[in-house]
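In what follows, a single structure is set out as structure tokens and then discussed.
Read-outs: derived from the displayed coordinates by stated rules, not from any lab. Keep in mind that this is a model prediction, so the values were computed, not measured. Cβ: placed from backbone, ideal geometry, glycine included. Neighbour counts: every protein chain shown.
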Amino acid sequence: MCPASDPTEPPPDGTAPDADSSGVDAQPAPEPLLAPADGVPAVLVEPDGFAEAAARLRSGTGPIALDTERASGFRYSQRAYLIQIRRAGAGTFLIDPIAHPDGLSEVIAALNGPEWVLHAADQDLPCLRELGFSCATLFDTELAGRLLGMTRVNLAAMTAQFLGRELLKGHGAADWSKRPLPHDWLNYAALDVELLVELRDAMDAELREHGKDDWAAQEFAYVLARPPAPPRPDRWRRLSHIHSLRTPAELAAARELWHAREDLAQARDVAPGRVLPDAAIIDAARANPTTVDELTKLKIFGGPRQRRHARRWLAALHRAQALPTGELPPRTAPTTGLPPINRWDQRNPEAAARAAAVRPAIAQIAESVSVPAENLLSPEVVRQLCWQGVAATPDAVDDALQSGAARRWQRDLTRDAIAQALREI
């Protein structure tokens, strides 16, 4: 064994040590991973191919890496247009579920039992469940990264940090409903699961080293059990630049155009913004045209594609124009939850005082355990606790947090500090 060199002495060749400007040894550049080790597999589109894949997956070992590709921004639905699966001893599979979604039963059965490894599971689980897939246990690498206090939790950054490999980027926002799928897109898709189980193992070891493995297990179980979020009320109010509309009549026009666009987008399975841009809805609501000629003089509506639907858009505007005053939407959206916390001083001073005491206490704990405050405790849970009030005892705080679905590890870390903060108000 060579004797260790003195880090304070310069190297024999007189060059400076390999370090960054802070004096910390620089990490070697990650090695690019440009293609799967076994090549890009053929896309499976027929039930016979699905059955063969299922048999090979059953013969594999260990967790199963999964990912999906959707066509957000191109299609109305959030369905999966490609499913990527990889398991040790079985290999990688690319499955097209569009033509034969009813032929996936054997693949679904093969995946029901082993642990799934997903990155940002809340994005992939809904479309997998829509196809009938069921997950028994989960490891979410993005969520694990948050619990480890990583500042960048995208897949490429994490594989670079934990595995020293740089993933190929470039097609995540592509139109995956396109057929046939280009080879470079399939290469990208296969790479998304190529290292996922290795990453899971490296992150699991890091979680165990920091005593956070039980936290992660509770979080993963919560993600699996969490019901879908209820639909947002008045979704039309999320139109870009909706706040530029000043009158209830203008808002009514925007609302009716939004609903007409939704109906057409859903019927055609096209992203609403590709059917009619938000900017066109806002312009028409302001201009309030009453004839097709007036409508088609507006920017965008004069194009050939929009002219085909001009009567549809004009009918929506006529519905808005015919509404009695009492049925026009209010200028501001009805509030269904708590008011913004910056208004609590006027509406609920006691709640404002509780928030001013509790939030810094939570932030201090989050910093001490290197977990983002929003992952330590949901901001909504904190707001509810502060707004409603609770006795300043650990048991009462624990009950309040549990009623808000806070996990045991979260309650264990925060209840005493919250109770102490409340006592000091």
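Values for this structure:
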{"read-out": "Qualifying positions in the range 391-415 - free of Cβ contacts under 8 Å to residues at least 24 places away in the same chain and either closer than 16 Å to residue 373 by Cα or touching an Asp or Glu at 6+ places or on another chain (Cβ under 6 Å) (or both)", "value": "411, 412, 415"}
{"read-out": "Search result, residues across the range 50-93 that are buried (at least 16 other Cβ atoms within 10 Å of the Cβ) and farther than 23 Å from residue 115 by Cα", "value": "71, 74, 75, 76, 77"}
{"read-out": "Any hit, the range 161-180, residues being in contact with a Ser or Thr (Cβ under 9 Å, 6 or more places away or on another chain) and at positive phi", "value": "no"}
{"read-out": "Restricting the range 185-199 to residues that are buried (at least 17 other Cβ atoms within 10 Å of the Cβ) and farther than 14 Å from residue 82 by Cβ, the residue that is nearest to the chain's Cα centre (by Cα)", "value": "196"}
{"read-out": "Residues that are in a loop (DSSP other than H, G, I, E, B) and over 23 Å from residue 209 (Cβ atoms), drawn from the range 364-378", "value": "377, 378"}
{"read-out": "Condition met for residue 313 (farther than 30 Å from residue 70 by Cβ and either touching a strand residue (DSSP E or B) at 6+ places or on another chain (Cβ under 7 Å) or crowded, with 20+ Cβ neighbours inside 10 Å (or both))", "value": "no"}
{"read-out": "Which numbered condition residue 182 fails, given (1) buried (at least 16 other Cβ atoms within 10 Å of the Cβ); (2) closer than 22 Å to residue 75 by Cα; (3) without any contact (Cβ under 8 Å) to a residue 24 or more places away in the chain", "value": "(1)"}
{"read-out": "Residue, surrounded by the most Cβ atoms within 10 Å (Cβ to Cβ), within the range 326-356, restricted to residues that are of a type in the set (Lys, Arg) and not in a loop (DSSP other than H, G, I, E, B)", "value": "354"}
{"read-out": "When residues of the range 120-141 are limited to those that are in a loop (DSSP other than H, G, I, E, B) and in contact (Cβ under 8 Å) with a residue 60 or more places away in the chain, the one surrounded by the fewest Cβ atoms within 10 Å (Cβ to Cβ)", "value": "137"}
